[in-house]
Amino acid sequence: MRAAKRILMIYTGGTIGMVKTSHGYAPQREAFHALLNGMPELHADGMPWWDIVDMDPLLDSSNITVVEWNAIGLLIAGHYDDYDGFVILHGTDTMAYTASALSFMLRRNNKPVVLTGSQIPLCEIRSDARDNIITALLIAAGDQVHEVCLYFGGKLLRGNRSIKYSADDLIAFESPNYPALAEAGIAIRYNRAALLPACRGAFSLQPMENHPIGVIKVFPGIQFELFDSIMTERLRGIVIETFGAGNIPGHAGALLPIIRRASENGTIIIVCSQCPHGTVSLGAYETSSALREAGAVSGYDITTEAAVAKLYYLFSRGLSADEVRSRMERSLRGEISVVQ
Ligand code: ASP
């Protein structure tokens with residue numbers, strides 16, 4: 001007997017469904033569907049019922065924008081009551097961004113939304129796609145998960161905590177500041193304490209708008225004055241990837257007036273760390289306390305991917321600059337570890 005759960009798979013593109021063409025690997029709907037239909041495991045007893053819809057066009061995920069995030073969000077919202085869970089088949093390059101974005105856009109989501117993909121296409125003999133699809137479907141059909149997450153290479157991670165960590169390993173994603181939600185060994189072992197609880201209230205979708213935001217990574221010798229010209233009133237938000245716990249180079253004198261002016265213009269400045277592990281602690285060093293005084297807010301241990309998605313989300317909700325600042329320093333979907 002097949003399990004009664006119903007899952008909607010949304011194929012967005014990416015390596016998982018690519019086939020060899022004369023111009024290299026490219027996503028192809030018919031060939032991918034034929035491969036899925038030819039996998040006996042996907043139709044076996046114990047698997048949920050699943051349907052698949054494709055985005056049009058299918059994309060290499062490097063080309064994903066808020067337009068595709070909205071299209072995915074609309075598909076989920078339009079079918080929210082028809083399915084028990086959702087599996088998003090996505091390219092690996094920006095999967096952590098899309099997972100972060102969906103975690104914010106799907107408000108009061110109670111269903112498992114599992115993003116997965118693969119490093120090797122399903123059409124190849126040696127491919128990680130098989131396990132990733134099968135296990136993602138089983139997780140989406142389970143009762144434990146009430147959030148947007150990412151399954152890859154044996155680990156289930158919170159979507160907005162994940163980063164693409166390896167360009168070529170089959171274990172390509174990490175969640176450096178939060179434990180895995182589950183590990184798929186002989187059994188799928190859930191880390192119940194790490195999962196978000198089910199939430200109350202009616203599900204709704206917050207579409208994303210493409211607000212002008214930026215990311216700056218500081219480095220030794222950075223000439224801050226070069227960034228002065230982009231810090232105009234048009235720039236709504238900027239994520240600064242600082243050293244360690246939130247430090248900027250000692251010639252901070254050059255950056256602080258720029259930050260102060262940007263902040264007075266209403267630009268939100270989020271301080272993140274270049275270290276994947278650990279948290280920003282503004283004020284721990286002289287080089288970071290000046291950032292706070294100039295109007296920057298701490299991203300704590302948020303990933304750059306989640307910070308970018310969260311800025312888009314908060315601006316799309318039409319919140320004031322002060323409301324965006326205060327929400328950036330609070331956890332909305334488990335994306336940062338600050339004590340509330
Ligand atoms: N460039 C591809 C993509 O992100 C890589 C992959 O899927 O792994 O769509």
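Please compute the per residue accessible area over the chain with all protein chains in place, 1.4 Å probe, rounded to a whole number of Å².
43 Å²
Between region 214-233 and region 241-316, what is the C-alpha centre distance in whole Å?
12 Å
Relative to the Cα centre, what is the charge dipole magnitude of the chain, using +1 at the beta carbon of each Lys and Arg, -1 at the beta carbon of each Asp and Glu, and rounding to the nearest 20 debye?
For the chain, the charge dipole is close to 680 debye.
Roughly what would the spin-label model give for Val53 and Asp81, points 7 Å off Cα along C-beta, in nm?
1.5 nm
Using DSSP to define loop residues, name the trypsin sites (Lys or Arg not before Pro) in region 71-136 whose beta-carbon has at most 15 other beta-carbon atoms within 10 Å.
Those that pass, being in a loop and sparsely packed, are Arg108, Arg126.
In percent, how large is the relative contact order of the chain, given Cα pairs closer than 8 Å and 6 or more residues apart?
Value for the chain: 15 percent.
Hey, what's the Kirkwood Rh for the chain if you take every pair of different alpha carbons, in angstrom?
Final number for the Kirkwood radius of the chain is 20.8 Å.
Which pairs, out of Lys20/Lys310; Lys20/Lys164; Lys20/Lys217; Lys20/Lys155, put more than 31 Å between their alpha-carbon atoms?
Checking Cα-Cα distances, Lys20/Lys310; Lys20/Lys217 exceed 31 Å.
Could you give the nm distance between label points at Ser166 and Glu225, where each point is 7 Å from its Cα heading toward the beta carbon?
Placing both labels 7 Å beyond Cα along the Cβ direction yields 4.5 nm.
Between His23 and Asn191, take the C-beta separation as r, use R0 = 30 Å, and let me know the FRET efficiency to the nearest 0.05.
0.10
Got a sec? Charge dipole of the chain, +1 on Cβ for Lys and Arg, -1 for Asp and Glu; which of Gly142, Ile186, Gly13 is way out at the positive end?
Gly142
What does DSSP give for region 1-52 in terms of the percent of beta bridges that are antiparallel, rounded to the nearest 5?
Looking only at bridges with both residues in region 1-52, the antiparallel portion is about 50 percent.
With a 1.4 Å probe and all protein chains left in place, how much of the accessible area of the chain comes from carbon and sulfur atoms, in whole percent?
Ligands and nucleic acids excluded, carbon and sulfur reach 53 percent.
Students often check this: by mean Cβ neighbours within 10 Å, which of 218-231, 296-309 ranks highest, and how do the rest follow?
Going by the mean number of other Cβ atoms within 10 Å, highest first, we get 296-309, 218-231.
Among Ile76, Ala101, Val114, which residue has its Cα furthest toward the positive end of the charge dipole of region 16-158, with +1 on Lys/Arg Cβ and -1 on Asp/Glu Cβ?
Ala101
Explain nothing, just the number: relative contact order of region 1-124, from Cα pairs under 8 Å at least 6 residues apart, as a whole percent.
Relative contact order for region 1-124 comes out at 39 percent.
The values are calculated or read from the model by the stated rules, or taken from the named source; none is laboratory data. The shown structure was predicted, so the numbers you read here are calculated from the model rather than taken from an experiment. A quick note on method: Cβ atoms are made from the backbone with ideal geometry, for glycine too, and the neighbour counts reach across all protein chains shown. These area figures cover heavy atoms from the full protein model, side chains too; ligands, DNA and RNA do not enter into them. Shrake-Rupley method; radii C 1.70, N 1.55, O 1.52, S 1.80 Å.
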